[in-house]
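Q: Please see the structure below; I have some questions.
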Amino acid sequence: MTEDATLGRLPAGELWWKAGIVYQIYPRSFQDTDGDGVGDLKGVTARLDYLAWLGVDALWLSPVCRSPMADYGYDVSDYCDIDPLFGTLADFDALVAEAHRRRLRVIMDFVPNHTSQDHPWFRESRTSRDNPKRDWYIWRDPAPDGGPPNNWISNFGGPAWTLDPATGQYYYHAFLREQPDLNWRNPAVRAAMLDVLRFWLDRGVDGFRVDVIWHLMKDEAFRDNPVNPDYVPGDPEINRLVQLHSADQPEVMEVIAAMRAVLEEYDARVLIGEIYLPLERLVAYYGVDLSGAHLPFNFQLIQTPWHAVAVADLVAEYEAALPPGGWPNWVLGNHDQPRIAARVGDAQARVAAVLLLTLRGTPTLYYGDEIGLGRVPIPPERVRDPWEHNEPGRGRDPERTPMQWTPGPRAGFSTVEPWLPLDPQAETRNVEVLRDDPASILTLHRRLIALRREHPALSIGAYRAVSVAGDVLVYERLHGDEIVRVALNFGHGSCLVDVPPEAAWEVLLSSAGGRRGEGPQDGRFALAGDEALVLIRRPPGAAG
Ligand code: GLC
């Protein structure tokens with residue numbers, strides 16, 4: 001491995017995307033520099049020193065390409081340009097250069113399943129049934145009753161087909177009607193989209209997070225999806241049907257392998273796939289002989305109940321399901337999911353941070369989670385997410401609010417009212433206030449990240465389950481002579497944690513702060529409620 005491939009800060013010989021930590025930025029909400037209340041690329045560049053200080057290795061930018069923003073950038077109208085709201089291609093190049101100067105990798109969001117309805121390809125496609133671009137999208141005749149061609153439902157609720165009166169056919173959209181699905185069975189579409197990857201790889205990006213990658217191929221016959229017998233009224237409408245024919249088709253593996261092959265034309269790039277599927281299907285996305293995604297995003301911690309036993313079972317199942325050589329990864333939140341602090345509360349959010357940053361596998365940290373952002377209330381008149389309009393209560397605005405940098409007006413995010421409201425606690429919950437507080441959740445994240453870098457056992461070491469009893473989960477990470485033991489208390493009561501008596505153990509980190517260097521008493525460590533401890537076994541012969 002060359003120095004460049006690891007950018008010099010990670011264990012020698014390891015690929016950056018295995019040993020490192022990814023930080024997700026929702027660009028609209030990171031830093032506004034041009035005073036329009038929306039974050040931009042110059043803002044991200046201005047905050048790179050913060051990311052370097054925090055210690056992460058890569059940043060993933062949610063979409064910044066040209067877009068009418070019906071789904072806030074997940075509706076692309078030009079894959080090879082930056083939306084003016086975010087800046088210019090020159091700003092993007094500057095961001096990549098400045099990131100690389102700080103040894104930070106840049107991962108782009110690639111949205112290949114659908115374009116915007118304003119993409120020139122779709123504009124052409126809809127002009128006539130025999131337009132050369134017609135087959136770039138999915139057009140079907142109406143059903144005999146004039147209704148949609150099949151029963152598929154949009155992920156945002158409502159039918160997944162929209163009738164285009166000009167040509168009398170329906171087009172398919174797995175999401176908004178403003179987001180028509182591309183036809184990935186068409187070789188010309190494939191070629192054009194693979195060229196988009198090359199466009200950005202040539203500009204120096206280090207990889208892609210591929211949006212809804214498991215959606216790319218649909219059943220060739222467009223059969224109806226079966227009714228979901230387990231549907232619970234009140235769940236999102238999409239769950240009324242089992243997505244048997246509309247996603248996760250075997251042919252998608254070939255498409256992903258083609259994307260992967262493009263990345264292999266370059267050095268040390270990463271392919272991350274967004275996949276919401278049960279574990280046994282998720283791991284299929286590593287591909288035959290690992291020809292698929294390097295990291296099929298593992299969202300299981302978002303979906304698993306927050307209990308020691310459930311998490312222990314999940315880790316065991318995931319570790320067991322990984323294909324040989326498949327590298328794991330973990331995620332606590334993203335721009336589509338309620339934030340971790342909102343789901344488990346402030347106290348357990350600290351335990352969650354220890355879990356995320358000590359499990360085996362690449363962690364992705366969602367911006368703002370490191371300062372403990374929770375569910376920010378959004379008054380009805382400020383709702384922005386179209387999903388909230390379609391299905392009230394499902395909206396994702398509460399986890400997309402601006403990053404909070406400083407006390408004072410607009411939390412240092414902008415000079416004007418931001419596009420989404422700030423957390424009412426912004427005055428105290430911000431980087432400037434928390435970075436100097438040894439007990440803050442920000443300090444906890446920074447220490448955990450530093451520990452992961454200092455101890456290869458934590459970044460690249462093996463995983464060994466130790467015990468799960470009541471609310472307490474214990475596991476170890478091992479590398480060479482190094483053994484790091486992690487004890488997580490998912491409950492509020494205190495307890496004692498045993499360590500093997502034949503070696504000397506000491507505390508590397510407590511999620512509550514302090515305790516570093518503390519040894520066991522009578523072979524045990526006290527664990528307070530909502531506390532997580534990271535312990536290290538001193539090598540035999542080393543002083544206590
Ligand atoms: C992915 C994105 C989400 C978007 C959807 C449609 O799930 O993460 O934000 O709305 O795809 O592109």
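Q: Would you list 219, 498 from the most to the least accessible area, probe 1.4 Å?
A: Values: 219 10, 498 85 Å².
In descending accessible area the options line up as 498, 219.
Q: Per residue of the chain, what 222 nm ellipticity follows from adding -39500 (n - 2.57) for every DSSP H run with n ≥ 4, rounded to the nearest 500? Write down the numbers at each step before the final one.
A: Numbers: 16 runs with 138 residues, N = 544.
It comes out at -7000 deg cm²/dmol, rounded to the nearest 500.
Q: Please list, ordered by chain and number, the residues whose modelled amide H lies under 5 Å from the amide H of residue 532; skip anything fewer than 5 residues away on the same chain.
A: Here 489, 511, 512 satisfy the definition.
Q: Let me ask something additional. Heavy-atom accessible area per residue, segment 405-544, 1.4 Å probe: how many Å²? Walk me through the numbers on the way to the answer.
A: Details: 6190 Å² over 140 residues.
I get 44 Å² per residue for this part.
Q: Another question, if that's okay. Would you please state which residues of segment 193-215 a label at residue 267 would reach in this model, taking the label point 7 Å out along Cα→Cβ and a backbone N cut-off of under 20 Å?
A: 198-208
Q: Something else now. Given an 8 Å cut-off on Cα distances and at least 6 residues of separation, report the relative contact order of segment 350-471 as a percent. Write down the numbers at each step before the final one.
A: Values: 143 pairs, mean separation 35.4, N = 122.
Relative contact order for segment 350-471 comes out at 29 percent.
Q: Residue 276: accessible area at probe 1.4 Å, nearest 10 Å²?
A: Looks like 50 Å² after rounding.
Q: Of 495, 65, which has the most accessible area and how do the rest follow, probe 1.4 Å? Write down the numbers at each step before the final one.
A: On the way: 495 45, 65 10 Å².
Final ranking, largest accessible area leading: 495, 65.
Q: Let me ask something else about it. Give me the percent relative contact order of the chain, please, defined on Cα pairs under 8 angstrom at least 6 residues apart.
A: Working: 1164 pairs, mean separation 66.0, N = 544.
Relative contact order comes out at 12 percent.
Q: Given a Förster radius of 41 Å and the C-beta distance between residue 254 and residue 450 as r, what FRET efficiency does 1/(1 + (r/R0)^6) yield to the nearest 0.05?
A: Working: r = 42 Å, r/R0 = 1.02.
After rounding, the FRET efficiency stands at 0.45.
Q: Oh, and also: Mind checking which helices in the chain clear 15 Å along their axis (Cα) and have mean Kyte-Doolittle hydropathy of 0.5 or more, DSSP H runs only?
A: For the chain, where a helix must reach 15 Å along its axis and average at least 0.5, the hits are 187-202, 252-264, 308-321, 340-358.
Q: What is the antiparallel percent of DSSP beta bridges lying wholly in the chain, to the nearest 5? Intermediate values should be presented prior to the final figure.
A: Working: 43 of 68 bridges.
For the chain, the DSSP antiparallel bridge percentage is about 65.
Q: Now for a different question. For segment 16-42 and segment 414-467, write down the distance between their C-alpha centroids in whole Å.
A: Computed from Cα coordinates, the inter-centre distance equals 15 Å.
Q: On the full set of protein chains, 1.4 Å probe, figure out the accessible area of residue 224 and give it in Å² to the nearest 10.
A: 80 Å²
Q: To continue, here is another question. For segment 213-219, take each phi angle, set θ = phi - 60°, evaluate the Karplus expression 6.51 cos²θ - 1.76 cosθ + 1.60, and give the result in whole Hz per residue in order, putting x for glycine and proline.
A: Taking θ as phi minus 60°, the curve returns 4, 6, 8, 4, 10, 10, 3 Hz for segment 213-219.
Q: I would also like to ask the following. On a full-extension model of 0.36 nm per residue, what is the gain between residue 320 and residue 100, subtracting their alpha-carbon distance, rounded to one decimal in nm? Display every interim value, and only then the final one.
A: Values: separation 220, 0.36 × 220 = 79.20 nm, distance 3.55 nm.
Gain on stretching residue 320 to residue 100: 75.7 nm.
Q: Once you have the Cα-Cα distance between residue 145 and residue 436, take 0.36 nm times their residue separation minus that, and quote the gain in nm to one decimal.
A: On the way: separation 291, 0.36 × 291 = 104.76 nm, distance 6.63 nm.
Once the chain is fully extended between residue 145 and residue 436, it gains 98.1 nm.
Q: Taking the simple approach of a point 7 Å from Cα along Cα-to-Cβ for both residue 375 and residue 198, what is their distance in nm?
A: With each label placed 7 Å out from Cα toward Cβ, I get 4.8 nm.
Q: Which percent of the accessible heavy-atom area of the chain goes to carbon and sulfur, probe 1.4 angstrom? Present the calculation step by step, with values, prior to reporting the outcome.
A: Values: 10530 of 20070 Å².
Answer for the chain: carbon and sulfur cover 52 percent of the accessible area.
Q: Could I ask something else about it? Taking every pair of distinct Cα atoms and averaging 1/r, then inverting, what Kirkwood hydrodynamic radius in Å comes out for segment 462-538?
A: Working: mean 1/r = 0.0809 Å⁻¹.
Computed over segment 462-538, the radius equals 12.4 Å.
Q: For segment 235-245, in order, what is each residue's ³J(HN,Hα) by Karplus, 6.51 cos²θ - 1.76 cosθ + 1.60 with θ = phi - 60°, in whole Hz (x at glycine and Pro)?
A: 5, x, 4, 3, 6, 4, 10, 7, 7, 5, 10
Q: Would you mind classifying the chain by shape? Square roots of the alpha carbon gyration tensor eigenvalues, ordered a ≥ b ≥ c; an a/c under 1.5 is rounded, otherwise it is prolate if a/b is larger than b/c and oblate if not.
A: prolate
Q: Additional query: Got a sec? What order do 62, 291 fall in by accessible area at 1.4 Å, biggest, i.e. largest, first? Could the numbers behind the result be given before it?
A: On the way: 62 0, 291 45 Å².
Correct descending sequence by accessible area is 291, 62.
Q: Evaluate E = 1/(1 + (r/R0)^6) for residue 310 and residue 347, where r is the Cβ-Cβ distance and R0 equals 25 Å; express this FRET efficiency to the nearest 0.05. Don't skip to the answer; put the middle values down first.
A: On the way: r = 18 Å, r/R0 = 0.73.
The pair residue 310/residue 347 has a calculated efficiency of 0.85.
Q: Set the Förster radius R0 to 22 Å, insert the Cβ-Cβ distance between residue 48 and residue 81 as r into 1/(1 + (r/R0)^6), and round the FRET efficiency to 0.05. Don't jump to the answer; show the numbers that get you there.
A: Working: r = 22 Å, r/R0 = 1.02.
Taking R0 as 22 Å, the efficiency between residue 48 and residue 81 is 0.45.
Q: Additional query: Heavy atoms of the protein only, probe of 1.4 Å, neighbouring chains included. What is the accessible area of residue 140 in Å², nearest 10?
A: For residue 140, solvent-accessible area is about 80 Å².
The values are calculated or read from the model by the stated rules, or taken from the named source; none is laboratory data. It should be emphasised that the depicted structure is a prediction, and the values quoted were computed from it without experimental measurement. Every residue, glycine as well, gets a Cβ built from its backbone with ideal geometry; the counts of neighbours run over all protein chains shown. Quick note on the areas: whole protein, heavy atoms, side chains included, nothing else; ligands and nucleic acids left out. Shrake-Rupley method; radii C 1.70, N 1.55, O 1.52, S 1.80 Å.
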